[in-house]
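Contents: one structure, followed by commentary.
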Amino acid sequence: MTEDYIIEMRNVTKRFPGIVANDDVTIKVRKGEIYALLGENGAGKSTLMSMLFGMYEPDEGEIWVRGKKEEIKSPSYATRLNIGMVHQHFKLVSNYTIAENIILGVEPKKKAFGLFPYVDIKTANEKIRSLSEKYGLEVDPEKVISDVNVSTRQRVEILKMLYREAEILIFDEPTAVLTPQEIDSLLQIIKNLRDGGKTIILITHKLEEIKQVADRCAILRRGKLIDVRDVEGMDTREMANLMVGRQVQMKVEKKPAVFGKEILNIKDLRVKNDDDFEVVKGVSFNIHAGEIFAIAGVSGNGQTDIADAIAGLLPVSSGKIIVDGTDVTDMSVRKRTEAGISYIPEDRHSVGLVLDFDLKDNLALRRYYKEPFAKKGVLDPKSFEDYGTKLIDKYDVRCARGNTTIVRSMSGGNQQKAIIGREIEQDAPLTIFVQPTRGLDIGAIENIHRQIVEERDKGKAVLLISLELDEIMALADTIGVIYNGQLGKIAPAAEFTTSEVGEYMMGVKHHD
Amino acid sequence: MTDQNKTRIRVAILSVLLSLLAGAVVILILGKNPLTAYFNLLQGCGLLPKGKYGGGKSMITDLSSYIDFLTPMVFAALSYAVAMRAGLFNIGISGQMLTAGFIASITIGYSTLAAPIAKPLVLIIGIIAGMLVGSLIGFLKERFNINEVVSSIMINYIVRYVISFFIQTKYVDPVSRQSKNICDSARLTLHQIKLGGYKYDIPLGFVLAIIAVIAVKFMFDRTVLGYELHAVGSNKVAAKYAGIRTGRSLIVSMAISGALAGIAGVTYYLGYFASIQPKVLVSTGYDAIAVGLLGNNDPVGILVASFLIEIIQNGSAYMSSQSGLESEIASVITGLILLFSACNAFFLEKLAQKKAEESRKKGAKA
């Protein structure tokens with residue numbers, strides 16, 4: 001062995017029914033570096049790391065840790081090898097304190113009067129405080145998880161690994177849920193960890209982050225390792241091209257907007273959530289034909305509730321919603337749809353699709369009850385098939401069995417294509433996009449951005465709600481920044497800089 | 001037929017075979033010959049000839065009474081399937097059957113109406129009674145978010161004791177300790193009809209059962225209502241997003257489910273039997289769950305599954321008299337079928353894995 005590799009995955013292959021997730025992949029990670037895994041969705045990054053963390057076993061190939069061949073059969077074995085992983089979805093007990101979450105499973109024990117064992121939370125708190133100081137991971141160990149925000153929860157996950165003395169830290173898309181400012185601080189933490197001697201593996205499809213922190217970067221495409229590069233001296237465009245396998249358009253082509261008549265008018269909208277808590281607190285704005293109005297904001301500030309209220313999924317407690325001249329405030333979902341609302345919801349699995357229906361039934365979800373799909377309550381299967389075939393072709397939905405593909409088995413990108421196709425075909429004056437590109441890869445994002453601009457150019461009013469600031473800056477004609485259920489500032493996109501929007505999002509700056 | 005359906009049918013057959021095999025082990029332990037026992041089951045249902053027949057009886061007599069016995073089950077299982085389609089678990093089918101049977105008995109069963117009027121009226125009253133109980137469960141779910149399993153079990157208790165109170169105080173037959181027999185003109189089974197020297201029970205309801213199977217199948221696959229119920233059952237939030245009034249769908253599915261349970265009730269209490277035993281809920285409503293599961297909630301699958309399960313239930317008396325086995329062994333086998341069909345997700349998964357393995361091997365060779 002010429003170099004000191006802490007992790008070697010040699011010729012690893014992993015197959016799932018119908019797909020090769022990793023095909024003969026070899027990666028070698030040096031001790032003390034930040035090693036990025038870059039690839040589109042479904043490229044096999046997460047699968048590869050799941051094998052390193054013991055959640056799957058490779059079908060072929062070997063894993064070597066610290067120069068020794070290992071069979072990692074379970075996450076607990078991986079932990080014993082000092083490997084830790086922060087998952088995309090946090091695994092925390094929400095009514096436990098931060099310290100309790102961190103020590104769960106490895107509780108320090110003491111015996112009272114030398115007899116009765118109890119959990120020594122004091123020592124734990126001390127240890128957590130010293131760890132968090134060492135790496136700049138600011139948390140209060142005595143706070144309960146449900147009371148802290150997403151970025152704190154993520155820090156708790158990191159501390160959990162450090163508490164278990166992890167030396168090799170795997171981050172699975174860690175910035176997906178964070179604001180720009182939070183991302184900066186996370187990247188700083190990751191650098192601190194490396195400087196403290198840890199080895200970091202970072203799974204991501206965000207090129208900027210790799211550019212900022214990573215030392216080396218492995219690019220995966222469709223399960224195969226394309227290349228391993230030093231990040232220095234490589235620009236993001238080159239990374240993108242390697243990742244997608246073709247030339248990528250980095251900027252959205254956009255003509256200047258031509259505003260038409262007013263399509264959506266929201267007046268002093270107030271919405272309560274299921275817990276009777278007011279999440280939208282008096283929001284007013286309007287959108288014209290040919291305008292992309294974007295709401296920027298940190299997740300959980302009421303933006304998706306605005307969309308749900310407009311679409312009729314959440315009741316309005318006061319205020320007015322006027323669509324294309326019709327007051328829809330008290331209308332049923334069906335009537336609103338017919339009044340002219342298309343809606344691409346945030347959660348495609350639980351809202352946008354019936355996963356156990358096949359593709360054609362999902363594509364007809366908005367119009368199954370109308371002619372020619374149904375006559376006098378009786379369905380016409382031929383219409384479903386024809387319409388499905390038409391949309392699959394027009395929107396390039398890739399699916400194994402065409403019309404009869406069960407939607408659950410499709411990839412996220414193709415599910416989203418189906419929803420967007422279905423909603424655009426509604427040809428409604430107002431289209432609402434909520435997080436339209438969440439979890440999608442660069443090729444799909446490019447495509448969806450193009451569709452959103454096309455809708456605008458066709459003279460539709462577009463409401464775009466996104467947590468991705470880059471997306472908003474690239475697409476919006478007008479931006480409203482939401483913070484704590486209120487729109488802080490509404491202004492033409494040209495009048496905002498990215499960092500300014502970020503400040504409004506954090507509530508640092510207020511509208512005067 | 002899609003591959004998926006083929007796999008499902010294969011899994012259903014597999015679970016039946018497995019349960020018969022497991023049942024055979026039980027019978028062997030009891031020291032009897034399982035093959036003879038299973039043979040006796042078929043003989044008891046008139047599907048195989050018996051050694052000898054009593055006066056006025058033939059294989060057709062057995063077959064006709066088997067179909068008479070089967071009819072309520074087809075309706076009950078359809079009732080289960082319709083509720084299940086909208087994601088509701090109607091465990092109150094027996095209670096709905098009893099309610100329909102009792103109300104039809106006291107209104108029409110004891111009247112002097114002529115058969116052409118009485119029989120349709122029995123049916124209509126059964127449908128309405130069942131539908132009302134079903135809708136009540138759906139309404140409680142929609143308005144107060146009361147779990148349908150809880151409310152239907154509670155309603156089962158209520159109707160069981162309220163009805164047995166009325167039977168014992170007003171309609172009891174002092175000899176049989178059951179409700180008095182209804183008159184023949186109201187009965188949905190033509191009882192002990194003599195044809196060519198043999199006696200038969202002709203279940204008029206069976207024709208209706210076949211029609212109901214076709215109607216429910218059509219409703220599921222080809223109507224807006226069926227599409228909506230399925231959407232609500234698969235994903236309530238997405239259904240709401242699609243503009244479906246989900247609350248209304250829940251009530252409608254329970255109303256239809258209740259109506260079918262109502263027909264099951266009248267074909268049972270005013271067809272197969274002519275009276276009601278107080279304080280007892282028939283097991284049909286519960287066996288219907290096994291039938292629904294085995295038939296994969298598909299109306300045609302259900303028809304086949306009810307044929308099968310009712311062979312075991314109906315043939316058990318003859319089996320018991322011939323081989324000396326307890327007739328309860330039938331319930332053991334039915335229970336095993338329920339168990340194995342409930343495991344079908346596991347079998348499906350295993351089959352899918354095996355398929356993937358095979359195609360990989362093929363791919364590797366090529």
Next on the checklist: On a straight-distance basis, which aspartates and glutamates could pair with residue A:370 in a cross-link, Cα separation under 12 angstrom, same-chain partners fewer than 8 positions away excluded?
Outcome noted: A:338, A:380
Checklist outcome for this item: Between the residues A:282, B:60, A:325, the Cα farthest towards the positive end of the dipole of the protein assembly as shown, that dipole coming from +1 and -1 charges on the beta-carbon of Lys, Arg, Asp and Glu, is from B:60
Checklist entry - Any idea what the dipole of chain A comes to, in debye rounded to 20, about its Cα centre with Lys/Arg Cβ at +1 and Asp/Glu Cβ at -1? => result 920 debye
Item to check | Net charge, residue A:149 excluded, C-beta distance under 11 Å - Lys, Arg +1, Asp, Glu -1 | outcome: +1
Checklist entry - Going by accessible area, probe 1.4 Å, with all protein chains left in place, what is the ranking of A:385, A:107, A:71, A:232, largest first? => result A:232, A:71, A:385, A:107
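What helices in chain B pass both tests, a Cα length along the helix axis of 18 Å or more and a mean Kyte hydropathy of -0.5 or higher, using whole DSSP H runs? The partial results should precede the final answer.
Details: long enough: B:3-29 (39 Å, 1.37); B:59-85 (38 Å, 1.03); B:115-144 (43 Å, 1.53); B:148-166 (26 Å, 1.36); B:205-222 (24 Å, 1.85); B:246-267 (32 Å, 1.30); B:299-323 (34 Å, 0.82); B:329-342 (20 Å, 2.34); B:344-365 (31 Å, -1.19).
Taking the DSSP H segments of chain B (at least 18 Å long, mean hydropathy at least -0.5), we get B:3-29, B:59-85, B:115-144, B:148-166, B:205-222, B:246-267, B:299-323, B:329-342.
Before I look further, what does the protein assembly as shown give for accessible area per residue, probe 1.4 Å, in whole square angstrom?
On the way: 39470 Å² over 878 residues.
Spelled out: the 1.4 Å probe surface of the protein assembly as shown, per residue, equals 45 Å².
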Checklist entry - What figure in square angstrom, to the nearest 10, would you give for the accessible area of residue B:199 with a 1.4 Å probe? => result 70 Å²
Next on the checklist: For residue A:6, what residues show an amide H to amide H distance below 5 Å, using hydrogens built from the backbone and excluding near sequence neighbours?
Outcome noted: A:29, A:30, A:31
Checklist entry - Any idea of residue A:347's accessible area? Nearest 10 Å², probe 1.4 Å. => result 60 Å²
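For chain B, give the magnitude of the charge dipole about the Cα centre (Cβ charges: +1 Lys/Arg, -1 Asp/Glu; no others), in debye to the nearest 20. Could the numbers behind the result be given before it?
Details: 32 positive and 18 negative charges, 123 e Å.
Charge dipole, chain B, about its Cα centre: 600 debye, nearest 20.
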Checklist entry - What is the Cα centroid distance between the range A:262-291 and the range B:131-157, reported in whole angstrom? => result 37 Å
Next on the checklist: Are there any chymotrypsin sites (Phe, Trp or Tyr not before Pro) in the range A:269-328 that are in a DSSP loop and have at most 16 other Cβ atoms within 10 Å? List them by number.
Outcome noted: A:277
Item to check | Percentage relative contact order, chain A, counting C-alpha pairs under 8 Å, at least six apart | outcome: 14 percent
Item to check | Space enclosed by the convex hull of the alpha-carbon atoms of chain A, per residue, Å³ | outcome: 182 Å³
Next on the checklist: With unit charges on the beta carbons (Lys and Arg positive, Asp and Glu negative) and the dipole taken about the Cα centre of the protein assembly as shown, which residue among B:249, B:308, A:483 sits farthest to the positive side?
Outcome noted: B:308
Next on the checklist: What is the sum of charges, Lys and Arg at +1 and Asp and Glu at -1, for the other residues whose Cβ falls under 12 Å from the Cβ of residue A:491?
Outcome noted: -2
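List the chymotrypsin sites (Phe, Trp or Tyr not before Pro) within the range A:451-512 that DSSP assigns to loop and that have no more than 15 neighbouring Cβ atoms inside 10 Å.
Numbers: sites: A:483, A:496, A:504; in loops: A:496.
Nothing satisfies the criteria.
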Checklist entry - Quick one: which bits of the range B:198-225 get at least 40 Å² less accessible when the partner protein chains are in, versus the chain alone, with a 1.4 Å probe? => result B:222, B:224
Next on the checklist: Looking at chain B as a GNM with Cα springs under 10 Å, which of B:61, B:71, B:284 has the largest mean-square fluctuation?
Outcome noted: B:61
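Under a point-charge model restricted to the Cβ atoms of Lys and Arg (+1) and Asp and Glu (-1), what is the dipole moment magnitude of the protein assembly as shown relative to its Cα centre, in debye to the nearest 20? Don't skip to the answer; put the middle values down first.
Details: 103 positive and 97 negative charges, 608 e Å.
Taking the Cα centre of the protein assembly as shown as origin, the dipole is about 2920 debye.
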Checklist outcome for this item: Given Cβ charges of +1 for Lys and Arg and -1 for Asp and Glu, the option among B:330, B:102, B:25 whose Cα lies farthest towards the positive end of the dipole of chain B is B:25
Checklist outcome for this item: Connecting every pair of Cα atoms under 10 Å apart in chain B and solving the GNM, the largest mean-square fluctuation among B:69, B:307, B:346 falls on B:346
Checklist outcome for this item: Note, the range A:456-469: 3J(HN,Hα) by Karplus (6.51, -1.76, 1.60, θ = phi - 60°), whole Hz, Gly/Pro = x, goes 4, 5, 6, x, 8, 8, 10, 9, 10, 10, 8, 8, 8, 5
Item to check | Candidates per chymotrypsin sites (Phe, Trp or Tyr not before Pro) in the range A:34-128, loop by DSSP, up to 11 other Cβ within 10 Å | outcome: A:113
Item to check | Volume per residue that the Cα convex hull of the range A:89-187 spans, once the total is divided by residue count, Å³ | outcome: 106 Å³
Checklist entry - the range A:49-101 to the range B:1-52: how many Å between their Cα centroids? => result 48 Å
Item to check | Rough spin-label spacing in nm, given labels placed 7 Å along Cα→Cβ, for residue A:120 and residue A:234 | outcome: 4.6 nm
Next on the checklist: To test your reading of the geometry: what angle, between 0 and 90 degrees and rounded to tens, separates the Cα axis of helix A:412-425 from the longest principal axis of chain A?
Outcome noted: 10 degrees
Item to check | Fluctuation leader among B:149, B:175, B:216 - chain B, Gaussian network, Cα springs under 10 angstrom | outcome: B:175
Checklist entry - Which links in A:45/A:198; A:160/A:224; A:272/B:240; A:122/A:143 stretch past 23 Å when you go from one Cα to the other? => result A:160/A:224
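Tell me, what is the percent relative contact order of the range A:354-426, built from C-alpha pairs under 8 Å that lie six or more residues apart?
On the way: 83 pairs, mean separation 28.4, N = 73.
Relative contact order, the range A:354-426: 39 percent.
Would you work out what percent of the accessible area of the protein assembly as shown, with all protein chains in place, is carbon or sulfur (probe 1.4 Å)? Display every interim value, and only then the final one.
Details: 21850 of 39470 Å².
C and S fraction of accessible area: 55 percent.
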Checklist entry - Do any residues of the range A:330-371 lose at least 30 Å² of accessible area when the full set of protein chains is present rather than just their chain alone, and if so which, with a 1.4 Å probe? => result A:333, A:334, A:350, A:351, A:354, A:357, A:365, A:366, A:368
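Of A:473, B:254, which has the most accessible area with a 1.4 Å probe, and how do the rest follow in descending order?
Values: A:473 55, B:254 0 Å².
Most to least solvent-accessible, the answer reads A:473, B:254.
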Checklist entry - Which value, in square angstrom to the nearest 100, describes the accessible area buried between chains B and A on both sides, using a 1.4 angstrom probe? => result 2200 Å²
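When the helix-only estimate is applied to chain B (DSSP H runs of n ≥ 4, each -39,500 (n - 2.57), divided by the residue count), what is the mean residue ellipticity at 222 nm, nearest 500 deg cm²/dmol?
On the way: 14 runs with 255 residues, N = 366.
Per the formula, -23500 deg cm²/dmol.
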Checklist entry - How much accessible area does residue A:205 have with a 1.4 Å probe, in Å² rounded to the nearest 10? => result 40 Å²
Next on the checklist: I'd like the distance between the alpha-carbon centres of the range A:438-512 and the range B:161-218, rounded to an integer number of Å.
Outcome noted: 69 Å
Next on the checklist: Give me log10 I(q)/I(0) at q = 0.05 Å⁻¹ for the protein assembly as shown, Debye formula, one equal scatterer per alpha-carbon, no solvent.
Outcome noted: -0.39
Item to check | Residue-averaged [θ]222 nm for chain A, counting only DSSP H segments that reach four residues, each worth -39500 (n - 2.57) | outcome: -9500 deg cm²/dmol
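Put B:173, B:184 in order of accessible area, largest first, 1.4 Å probe: what do you get?
B:184, B:173
The values are calculated or read from the model by the stated rules, or taken from the named source; none is laboratory data. Because the structure is predicted, anything quoted here is derived from the model rather than measured. FYI the Cβ positions are ideal-geometry reconstructions off the backbone, even for glycines, and counts take in every protein chain you see. Areas reflect the complete protein model, heavy atoms only, side chains present, ligands, DNA and RNA absent. Shrake-Rupley method; radii C 1.70, N 1.55, O 1.52, S 1.80 Å.
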